[in-house]
Structure formats: structure tokens, C-alpha cells
Amino acid sequence: ETGRLQDRPPSSAPTNFPTSANLRSNLTSNLPLVVDDVIAQLPSDAAATFQSIGIAATICLPLVKDNRLIALMAVHDAIPRIWTDAELSLIREVVERSWAHIERVRAERTLHETSRRLNAILSNTREAVFLMDENQICVYANAAAEQLTGYSFEDMQGRPLHDVVHHKKPDGSHYPIEECPIDRAFPERAQTSGEEFFVAPDGSFYPVGFTASPVLDDEGKPIGTVIEARNIAEEK
């Protein structure tokens, strides 16, 4: 269905041109307005307005989302023409793709703003914060984490945090990641907390208090881990 106006001789005033109310009704119902010849199909005053800006034929295509008219795209031609169904389909696809791009840009802007605020918070907190992905690879460490561990984020990025600061026990023996309570938060989908020893870059050990929380998707599947830690040497 379209809002195509029936052809009429240029000399006769059309009697079926939709009113403003009908136009709004059609457009909000996602029906395009198709005019092949503004002189033949529109009242003289409307036709004159179109002609004054060089428009002889036009399509006005609405975009309706959730029963709301949210955008319009108009395509014009300087000469009368019969708009084909293929052209109408193409224009509709352009409208959908254009709106999808607008939505994507809007979402990216929102995400960027959220990330900026989150970074501002995490960069100024005194608590060391690390983020592991679904493979327990470090993908984020704030400034406090760098200060706590003595490693830069670049040193930790792309590696399991366990392999960087938690791979040895204080007696010098290897610390298997499978035995690490910090790592257990991910597979067990449960928050863990306690005290452990981290290994400094010079090989010395220092005590930390930690909390490890799994990051779950909408289906409850673990997709990462947030680890918070602080040096508790003075408390000890």
C-alpha cells in the first residue's frame, strides 16, 4: 500500500488530495506519500510551492518505530516521473540503514560517555581494580592497580593476572591457577574474598586483601571477572 495520488490532467484540480490530517494518519501508519507529477496531482498553491524549489515529483517515506513516527525521508525529482516499486523499496532500505547508523552512533556516544565517567571513577579510586575477560586475560587495570603491583597495564594486558602477580607461593613453590581462590569466582559464578600474597616485580611478596566478582551476561553465563585488591601489609 502507498499514498500514491492518482494521475489527473494538469488543468483539473484534484479532489482526492489527502488533507493534512489524512497525511499524518498515513505517515504514522508507515505509508509513504508518492507524487509522480506535482502539477497534475496537487492543488495549484501546493504545486506552485514545489515548483518554486525545483520539485516536480516526490516521495515522502516515513519511519515508524514502536508505533511512533520518528523520521521522514523525502526524495525529489526535478521532472515528473513514475516512481517504481523497486525505487520505493530502495528508498525504504536507505531509510532503515540510515536510522540504524544514527542509532549505532548514538549508542557509541552513550558508551563513550559511560566509559569516560567510569574511567574517571576508577582512575581516582585508591582500590586496585582489574578486569579479566572470559579467558581470565587481563583487559583493564586502573592506576591504583599499577601502583599496587609495580607493573604497568601494558605489562599485565593480554596475560592472566595470576601469571603476573600470583604465580608463586611465599615458600617459592609454584601456585597453580586451579588452586587460586581469586580465579574460582569465574567458574563458580560466585564472589570470593580473602587474603593472599602477590609477587612484586623484584620477587618479594606482599599481603593483599581481595574481592573477586564474576561478570555475568543476561543469561547468567560468566564472561569475566572484576578483581579488587589492596595492600594490607600495614594492617597485618
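We did not get these values from a lab; they are worked out from the coordinates using the rules stated. Given the structure is predicted, the values throughout are model-derived calculations rather than measurements. Glycine also receives a Cβ, built like all others from the backbone with ideal geometry; neighbour counts cover every protein chain displayed.
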> So which aspartates and glutamates can LYS236 reach, going by Cα to Cα under 15 Å and dropping same-chain residues fewer than 8 places off?
Replying inline: GLU195, GLU196
> To the nearest 20 debye, what is the magnitude of the charge dipole of the chain about its Cα centre, counting +1 on the Cβ of each Lys and Arg and -1 on the Cβ of each Asp and Glu?
Replying inline: 940
>> Just to be sure I understand the model, the point goes 7 Å from the Cα along the line to the Cβ. What's the resulting VAL139 to ILE232 distance in nm?
In response: 2.9
> If you count, for each residue, the other Cβ atoms within 10 Å and average over each peptide, how do 177-188, 66-77 line up from highest to lowest?
Replying inline: 177-188, 66-77
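May I ask for the net charge around SER89, where only other residues with Cβ less than 13 Å from the Cβ of SER89 are counted and Lys, Arg are +1 while Asp, Glu are -1?
Once all neighbours under 13 Å are counted, the net charge is -2.
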> Out of [x] 60, 46, 43; [y] 85, 39, 31; [z] 100, 32, 27, which label holds the value of Cα extents along the principal axes in Å that was computed here?
Replying inline: [z]
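Go through the stretch 73-122 and name the trypsin sites (Lys or Arg not before Pro) that are in a DSSP coil and have 16 or fewer other Cβ atoms within 10 Å of their Cβ. The partial results should precede the final answer.
Values: sites: ARG81, ARG92, ARG97, ARG104, ARG106, ARG109, ARG116, ARG117; in loops: ARG81.
In loop regions of the stretch 73-122 (DSSP not H, G, I, E or B), the sparsely surrounded trypsin sites (Lys or Arg not before Pro) are ARG81.
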>> Along the charge dipole of the stretch 58-160, pointing to its positive end and built from +1/-1 on Cβ of Lys, Arg, Asp and Glu, which listed residue (THR149, LEU63, THR114) has its Cα farthest out?
In response: LEU63
> So what are the ³J(HN,Hα) numbers for the stretch 200-206, from phi and the Karplus equation (6.51, -1.76, 1.60; θ = phi - 60°), rounded to whole Hz, Gly and Pro as x?
Replying inline: 7, x, 8, x, 7, 10, 9
